[in-house]
Every structure is written in C-alpha cells, then in structure tokens.
Amino acid sequence: MLLEFIAVVSAAFAAAGIALVVNHLTRGRLPSWILPFAAAAGIVGMIIYLEYTWAERVERALPPGVVIAQTNTHTAWFRPWTYVVPLSNRITAVDHRVTLRHPDQPDLVLTGVILQERWALNFGVQVIFDCAEARRMDVTSAVTFTEEGSPEGGTWRSVAADDPVLREACEGGENGGRDA
C-alpha cells in the first residue's frame, strides 16, 4: 500500500511537471487552473491504473503451481469507468502444490483454495472436491478420513458442474496432484 501511495504522489508531481513545461513552452498562456487539474488527473489516472492491474500483479506474484481459477468483477457508481470495463476485485486460486488424491477415491481431490480480495488479507482453506458429484467440503477440525480415504464429519455443499474452481481442482494440475 505504501508503494501505491508513492506511485500516486509521483504521478501527481509528474503530471503537474508536464503541465508546467507545457505552460512554459506556451509562454504562460494556459489558464491558472491547469496545474492543479493536471495533478488531479495524474492521481486519478494512476489510481485507475493500479486498480485495473491489481489482478495481473497478484497473478504474476503467485508461485508455480498456484492457478487463478476465478476472478470476480464489479461496477460502482463512484467509479463510473467500471461500467465500461468492470473492475476485478477478488480472485480465487487453486494451490496444486498441496493437491492430494487417494487411490481408493479417484473422484475426490483435497487441495488448497486461496481467496484474495483487493485491500484485504488473503485467506487459504483446505477443500475436498467431489469431481463426480460436483460438490465440495471445507476441511475443518471435525473432518476425519477413513482408511479408504472417504471424508467424514464435514458438510458437502453442491456446486455447479461448470464451477471454475471445481474444474481447476479436478482437471487442472493433473501431474501436480500427489497420491495420499
């Protein structure tokens, strides 16, 4: 956040500096409000740039084996440009580095899911996906596993068969999943 603040302040000074140079080249013919207007335009432009590149920057920072499965977008009245191009504010990633499959339960996948929201701490959970039945179960302290690899003590939640997180967990990173 500190680096983004420094970038915004630098953009304000750069835009104001450009306005000063243009004003000098035109021998002071620009209106007096051009300097604060240029600084404000630099601030707004940099904020928009940082907001729209957030998801790309997060994706580049992810370690190998962590794949973004879903990106949520939104619009807001106080950001009118988001009605033209919606803004990404949340991503859901699947961590294939911790993916496990039990040989006796080939349709079940235990993997890590990372939830990251703009201006919030990231949150990771362990999730069991049932690829055949299109459902998921969050792994809590109440969940235990039988010798056959079946989970017990958790609550299954249905998800859409085309859910991108389910698809990524079940089909993505096939070579990265280890047998339990």
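The numbers here are math on the coordinates, done by the rules we state, and not lab data. The structure displayed is predicted, hence computed values, not measured ones. Cβ coordinates were reconstructed from backbone atoms using ideal geometry, including for glycine residues, and neighbour counts include every protein chain displayed.
Across the chain, Cα pairs under 8 Å and at least six residues apart give a relative contact order of 16 percent.
In terms of other Cβ atoms within 10 Å, His102, His96, His24 run from fewest to most in the order His24, His102, His96.
With loop membership from DSSP and a limit of 13 other Cβ atoms within 10 Å, the longest segment of the chain without chymotrypsin sites (Phe, Trp or Tyr not before Pro) is 34-76.
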